[in-house]
Amino acid sequence: MPITSNAAATTYIASKPTVSKPVFVYLQRPDSGEWVTVGRYRAGPPGEGFFKYAPSYVDAGLAWSIDPKNLPFMPGSEFAAPRYQGLHDVLRDACPDAWGQALLRREHHLPDDAPPLAYLLKAGNLDRWGALAVGAGARPPAATMNTPALPQLDEVVEELAALAERRPAIRAKLRARLILTASVGGARPKTTVQEDQEHFWLVKPALASDVADIPLLEHVAQQWGAASGLDFAATVHHPAAGGRSAVRVLRFDRSGRQRHMCVSAASLLQAEYPGTFQTGRWSYPRLAEELRLAGAPLEDRIELFGRMVFNAVCGNDDDHVRNHAMVYRSEQRRWRLAPAFDVVPNPVETPVRLSMQLSLGRFDISRDAALADAHRFGFAGAAEAEQYLDGLLVRIFAGFEMVAPQLDRQWRQVMHERMCGTVATLKGYRAP
């Protein structure tokens, strides 16, 4: 049962939200799918906020931590929020990013400097990332899912493009629905479509300002990663949906009506995003250690190392901390690294560094940087790490041959040359 938000808890005074009542946080239980009140958020003085697990949640014998790094399950404790102007990291995860924020500013006349709390309260619960929702009542209210079905794909793409280009609505009801479900993250226009009772997909169309077919590049990169033996989210490319290229990406935080608990790498690394001044905390090895502390198995840390290498080879330097996450797998009763998503090769140039550190203080794409902290990913020693790296480079090379036919001749050549050059660098020698 998705939940509707109640923005009545918020009024705007001098462009800043004043919360007159607590904001209740709801969780869809990973075992039964029942919605429960997991805790309460209250705003303090400007820039301060506090979260406490609900007594009813504790009394019911429930003990799922909604953020094992920042909000461990400690009944009776009240946690202060050190980032995001007083909003806790996992609640910031449930907020929209650049695209959704832009829609909400337009719809609700929010100022450009509106705090994250404003977006949490103004965004609807119908399409939030993960398994959390918020409202003004101590008990979770119920509503119905309001997601466009897949047969409407062309219409959805047309309306998203019109929204992005600030054109009048083509279909007023659909536009209202897209604004209502503006909670998913990222900077590009997107929304969720429902294929059947089980599968939900993010749809992202091409933009007139794109310097390349970005949806196709994302689709090929995701397919390439999977062909290389890595865990990448499934994608489908639509070359002419609504008159333009579009990609749809399978949502890993949904299985039918069940929403899965998720925590971003930004939250795990306690790195505020956006906030490039904090990139010292953006680190693949540190993220691997956080996965270990959260109970993820060794294979997830090895997988993360593989994604780091793949991002370097394909040229995805937009691998920031909100483009990685972990998800709670109820059947395993543990947190796992989420499938890779938002992997898009740089369409302009071949990157020489990544957004995340490959090793301590090293953002540069090189063999030394990739292997320097390999032990933190769980490798038994240097020899094992080198063997894995070299084997993965072979698989990445073979994987490209499987997906390259989807690109036109020019882009096949560009990506092949990029791959050869970067693989040579990661092998420790210069390409001829």
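The values are calculated or read from the model by the stated rules, or taken from the named source; none is laboratory data. Keep in mind that this is a model prediction, so the values were computed, not measured. As a convention, Cβ positions derive from the backbone with ideal geometry for all residues, glycine included, and neighbour counts pool all protein chains shown. When the accessible area is computed, the model is the full protein with side chains, heavy atoms only, and any ligands, DNA or RNA have been set aside. Shrake-Rupley method; radii C 1.70, N 1.55, O 1.52, S 1.80 Å.
Would it be correct to say that Arg322 is assigned to a strand (DSSP E or B), in contact (Cβ under 8 Å) with a residue 60 or more places away in the chain, under 28 Å from Thr147 (Cβ atoms) and not aliphatic (A, V, I, L, M)? Even if it seems obvious, please write down each step before you answer.
Details: assigned to a strand (DSSP E or B): no; in contact (Cβ under 8 Å) with a residue 60 or more places away in the chain: yes; under 28 Å from Thr147 (Cβ atoms): yes; not aliphatic (A, V, I, L, M): yes.
Criteria not met by Arg322.
Would you check if Gly135 is open to solvent by less than 10 Å² (accessible area, probe 1.4 Å), over 22 Å from the mean Cα position of the chain (by Cα) and either over 25 Å from Arg40 (Cα atoms) or touching a residue at least 40 places away in the same chain (Cβ under 8 Å) (or both)? Against the criterion (open to solvent by less than 10 Å² (accessible area, probe 1.4 Å), over 22 Å from the mean Cα position of the chain (by Cα) and either over 25 Å from Arg40 (Cα atoms) or touching a residue at least 40 places away in the same chain (Cβ under 8 Å) (or both)), Gly135 qualifies.
Only strands (runs of 3 or more DSSP E) whose full extent lies in segment 198-266 are considered here, and the ones with at least 3 residues that are free of Cβ contacts under 8 Å to residues at least 40 places away in the same chain are 235-241. When you check Ala385 against the structure, is it at pLDDT 95 or above, buried (at least 20 other Cβ atoms within 10 Å of the Cβ) and within 26 Å of the chain's Cα centre (by Cα), yes or no? It is false that Ala385 is at pLDDT 95 or above, buried (at least 20 other Cβ atoms within 10 Å of the Cβ) and within 26 Å of the chain's Cα centre (by Cα).
Among the residues of this structure, Pro68 counts as one that is out of contact with any Asp or Glu (no Cβ under 7 Å at 6 or more places or on another chain) and at pLDDT 95 or above. Determine whether segment 293-314 contains at least one residue that is under 30 Å from Ile214 (Cβ atoms), in contact (Cβ under 8 Å) with a residue 12 or more places away in the chain and in a loop (DSSP other than H, G, I, E, B). Within segment 293-314, none of the residues are under 30 Å from Ile214 (Cβ atoms), in contact (Cβ under 8 Å) with a residue 12 or more places away in the chain and in a loop (DSSP other than H, G, I, E, B). Exactly one residue out of Leu354, Leu407 is more than 23 Å from Ala288 (Cα to Cα), under 27 Å from the mean Cα position of the chain (by Cα) and of a type in the set (A, V, I, L, M, F, W, C), and it is Leu407. Asp253 meets all of the listed conditions (1) open to solvent by 10 Å² or more (accessible area, probe 1.4 Å); (2) within 23 Å of Gln223 (Cα to Cα) but one, namely (1).
Against the conditions (1) of a type in the set (S, T, N, Q); (2) modelled with pLDDT under 50; (3) surrounded by 17 or more Cβ atoms within 10 Å (Cβ to Cβ), Ser15 satisfies every one except (3).
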